[in-house]
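Input: a single structure, listed below in structure tokens.
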Amino acid sequence: MSSVTKLPHRVVDELTAVLAERLVLSRAVRDHHGRDESPLPPAAPDAVAFPESTEEVAALVDVCSRWRVPVVPFGAGTSLEGHVLATSGGLSLDLSRMNRIVSTNVADLDVTVEAGVTRTQLEEHLRREGLFFPVDPGADATIGGMTATGASGTTTVMYGAMRENVLSLKVVLPDGRAIRTGHRARKTSAGYDLTRLLVGSEGTLGVITEVTLRVYGIPEATSAAVCHFPSVDHAIKTVITTFQMGVPVARIEFLDAMAMKAVSEFSDLSYAIVSTLFMEFHGSPASVLEHAERWRHSSGVRRGGLPLCR
């Protein structure tokens, strides 16, 4: 574990007393935790910690608070905006070992997970129960990271983003205290809405260690639509009309001609290089057909395409 670090020896000793060999100072590990998927230059932390419980996170944050050492929570490193870069050094708090599914409540449609659980891991677990979690940011991010960044995705149009789907949190505050915000009860107006304050706080208010999520039954049927438009304006007007008519679209994504060209070249696709809407409808077989037909009507698209819809 020995390596050069800017942390005082007494700080390293206190952190080691909490985690033993799970406090890592090696250059390779630090470099890995000082970069993400963003184009920003890497910024490595002075040490990397691998806690396995909320109690350990609280103990680490307490040490760092007393010694004024910066703490940077780290999930899967899939951020596109430099969230995990340790620009002031300090401790990278890798929560990947906190990856347990704490509880699943099928009847109440909620699940509680530790922050290091990934979206794919949760998806596989829920599928066995006939459930799914709809927020899909396009990467196999951790649930803790998705909560901290207020992630959204193509299904936000029907199911909402993380802010609408997080019921409660367990969080370690900057002074090392662990608190729980919110509760599983859906109908309540008691107290401050600390849960939504922390969702999207980017790690500035505390370290999220446990998340209770709203989940949904897997739709009986789904139907997808790809529709091309002669201009961006035409596509935007179609989306506005769709919402005004109350057509329940589950998933929607817009790509202009430039984006379609890039996607088609990268994945060797044959789509037309024009403004395009990708949509998905969820429900029973009958309702999905009804929703699709209502959407065709709201968009002014004739069956078979004008200019192309399938």
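Figures for the structure shown
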read-out	value
Estimated FRET transfer efficiency (Ala185, Glu253; beta-carbon r; R0 30 Å; 0.05)	0.35
Whole-angstrom gap from the range 64-127 to the range 163-212, using each part's C-alpha centre	14 Å
Angle between the chain longest axis and helix 54-67 axis [Cα atoms, degrees, rounded to 10]	60 degrees
Extension gain, Tyr192 back to Arg97 (0.36 nm per residue minus Cα-Cα distance, nm)	31.1 nm
Interatomic Cα distance distribution for the range 128-229, bins of 10 angstrom, percent	14, 42, 29, 11, 3, 0
FRET efficiency for Glu129 and Lys6, using Cβ-Cβ distance with R0 set to 35 Å, rounded to 0.05	0.15
Residue of Val172, Val102, Val111 that the Gaussian network model of the chain assigns the largest fluctuation, springs spanning Cα pairs under 10 Å	Val102
Projected label distance in nm at Glu290 and Ala221, using a 7 Å step from Cα toward the beta-carbon	1.1 nm
For the range 208-275, alpha-carbon Rg over 2.2 N^0.38 Å	1.50
Under the Karplus curve 6.51 cos²θ - 1.76 cosθ + 1.60, θ = phi - 60°, whole-Hz ³J(HN,Hα) for the range 127-139, x wherever Gly or Pro sits	4, 5, 9, x, 10, 8, 10, x, 6, 10, x, x, 9
Kirkwood Rh in Å, taken over all unlike Cα pairs in the chain	21.5 Å
Principal-axis tilt of helix 285-299 within the chain, Cα atoms, nearest 10 degrees	70 degrees
Residues in the range 71-105 that a label on Leu173 would reach, taking backbone N under 12 Å of a point 7 Å out along Cα→Cβ	none
Rounded to the nearest 10 Å², the accessible area of His183 at probe 1.4 Å	80 Å²
Percent of beta bridges antiparallel (DSSP, the chain, rounded to nearest 5)	85 percent
Solvent-accessible area of His33 with every protein chain in place, 1.4 Å probe, in Å² to the nearest 10	10 Å²
Shape of the range 1-126, Cα gyration tensor, a/c cut at 1.5	oblate
Point-to-point label distance, Trp67-Leu109, nm (Cα→Cβ direction, 7 Å offset)	4.8 nm
For a label point 7 Å along the Cα-to-beta-carbon line of Ser53, residues of the range 93-107 with backbone N under 19 Å	94-103
Fully extended contour minus Cα-Cα distance, from Phe243 to Arg163, at 0.36 nm per residue	26.7 nm
Long-range amide H partners of Val102 with built H, under 5 Å	Thr112, Val113, Glu114
Summed residue charge, Cβ within 14 Å of Gly283's Cβ, Lys/Arg positive, Asp/Glu negative	-2
Diffusion coefficient, µm² s⁻¹, Stokes-Einstein with Kirkwood Rh over alpha-carbon pairs of the range 112-172 at 25 °C and 0.890 mPa s	208 µm²/s
Rel. contact order, % - alpha carbon contacts under 8 angstrom, at least six apart, the chain	14 percent
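The values are calculated or read from the model by the stated rules, or taken from the named source; none is laboratory data. Predicted model only: the values in this text are computed from it and were never measured. Note: ideal-geometry Cβ built from the backbone for every residue, glycine included; neighbour counts use all protein chains shown. Areas reflect the complete protein model, heavy atoms only, side chains present, ligands, DNA and RNA absent. Shrake-Rupley method; radii C 1.70, N 1.55, O 1.52, S 1.80 Å.
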